[in-house]
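The values are calculated or read from the model by the stated rules, or taken from the named source; none is laboratory data. As the structure is a computational prediction, the values presented were derived from the model and not from experiment. Note: ideal-geometry Cβ built from the backbone for every residue, glycine included; neighbour counts use all protein chains shown.
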Amino acid sequence: MSKTVLVVDDSRISRMFIRKHISVKHPDWILTEATTGEEAIEAIEREQPDYCTMDINMPGMLGTDAAKEILAKYPDIRLVIFSANVQETYQHQARALGSILISKPVTEASITLALDYFAGI
């Protein structure tokens with residue numbers, strides 16, 4: 001079954017890497033992108049994706065703040081937070097949102113963790 005994934009990261013390379021690896025495993029999935037938390041909120045409103053990957057440190061709104069706003073309105077979206085900031089504070093925020101925090105840099109293994117989370121594994 002086709003799913004939609006919103007990839008949110010200000011790093012073009014991270015977005016491309018995430019898209020590439022998801023596309024290899026799920027070629028029928030629709031992948032869209034946003035580069036800021038504000039863009040992510042707008043994209044969620046338009047597209048209402050099944051899944052979302054979210055960076056924390058981006059220009060403007062922090063990814064954790066965008067995730068909180070998104071999940072408050074759309075609690076069924078499965079959201080994974082990718083960040084180089086893996087301090088306990090961010091891990092706690094991710095858990096409080098019902099999400100998980102996966103450390104950067106983005107790798108094939110970390111994307112597999114995200115896909116497993118999306119699948120409820």
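Here is a yes/no grid of residues against (1) more than 20 Å from Thr35 (Cβ to Cβ); (2) modelled with pLDDT of 95 or more:
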| position | (1), (2) |
| --- | --- |
| Asp50 | yes, yes |
| Asn57 | no, no |
| Asn85 | no, no |
| Glu88 | yes, no |
| Gln91 | yes, no |
| Leu115 | yes, yes |
| Gly120 | yes, no |
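Of all residues in the stretch 55-83, which are touching a helix residue (DSSP H, G or I) at 6+ places or on another chain (Cβ under 9 Å) and of a type in the set (Asp, Glu)?
Asp55, Asp65, Glu69 - these are the residues of the stretch 55-83 that are touching a helix residue (DSSP H, G or I) at 6+ places or on another chain (Cβ under 9 Å) and of a type in the set (Asp, Glu).
Restricting to the stretch 39-78, name every residue that is outside any helix (DSSP H, G or I) and aliphatic (A, V, I, L, M). Even if it seems obvious, please write down each step before you answer.
Going residue by residue through the stretch 39-78, those that are outside any helix (DSSP H, G or I) are 48-62, 74-78.
Within the stretch 39-78, Met54, Ile56, Met58, Met61, Leu62, Ile77 qualify.
Counting only residues that are outside any strand (DSSP E or B) and touching a residue at least 24 places away in the same chain (Cβ under 8 Å), which one in the stretch 79-89 is nearest to Lys25 (Cα to Cα)? Walk me through it before giving the result.
Of all residues in the stretch 79-89, those outside any strand (DSSP E or B) come to 84-89.
Next cut, touching a residue at least 24 places away in the same chain (Cβ under 8 Å) only: 84-85.
Values: Ala84: 24, Asn85: 27 Å.
Among residues in the stretch 79-89 that are outside any strand (DSSP E or B) and touching a residue at least 24 places away in the same chain (Cβ under 8 Å), the one nearest to Lys25 (Cα to Cα) is Ala84.
Output the residues belonging to the stretch 3-38 that are acidic (Asp, Glu) and either in a helix (DSSP H, G or I) or in contact with an Asp or Glu (Cβ under 9 Å, 6 or more places away or on another chain) (or both). Outline the logic, then answer.
So in the stretch 3-38, the residues acidic (Asp, Glu) come out as 9-10, 28, 33, 38.
Passing the criteria: Asp9, Asp10, Glu33, Glu38.
Would the stretch 12-32 turn up any residue that is touching a residue at least 40 places away in the same chain (Cβ under 8 Å) and of a type in the set (Gly, Ala, Ser)?
Yes, the stretch 12-32 contains at least one residue that is touching a residue at least 40 places away in the same chain (Cβ under 8 Å) and of a type in the set (Gly, Ala, Ser).
May I ask you to list the residues in the stretch 101-116 that are surrounded by fewer than 17 Cβ atoms within 10 Å (Cβ to Cβ) and either assigned to a strand (DSSP E or B) or in contact with a Leu (Cβ under 9 Å, 6 or more places away or on another chain) (or both)?
If the condition is that a residue be surrounded by fewer than 17 Cβ atoms within 10 Å (Cβ to Cβ) and either assigned to a strand (DSSP E or B) or in contact with a Leu (Cβ under 9 Å, 6 or more places away or on another chain) (or both), then Ser103 is the only one that fits.
Have a look at Asp65, Asp55, Asp76 and point out the one that is among the acidic types (Asp, Glu) and under 19 Å from Ala119 (Cβ atoms). Full working, then the answer.
On the way: Asp65 fails: under 19 Å from Ala119 (Cβ atoms); Asp55 fails: under 19 Å from Ala119 (Cβ atoms).
Just one listed residue meets the conditions, Asp76.
State which residue pairs qualify: first residue under 15 Å from Leu62 (Cα atoms) and inside the stretch 90-101, second residue in a helix (DSSP H, G or I) in any location, beta carbons under 6 Å apart, and separation of 6 or more residues or different chains.
Hits for this filter: Gln93/Thr64; Leu97/Ala67; Leu97/Leu71; Leu101/Tyr90; Leu101/Gln91; Leu101/Ala94.
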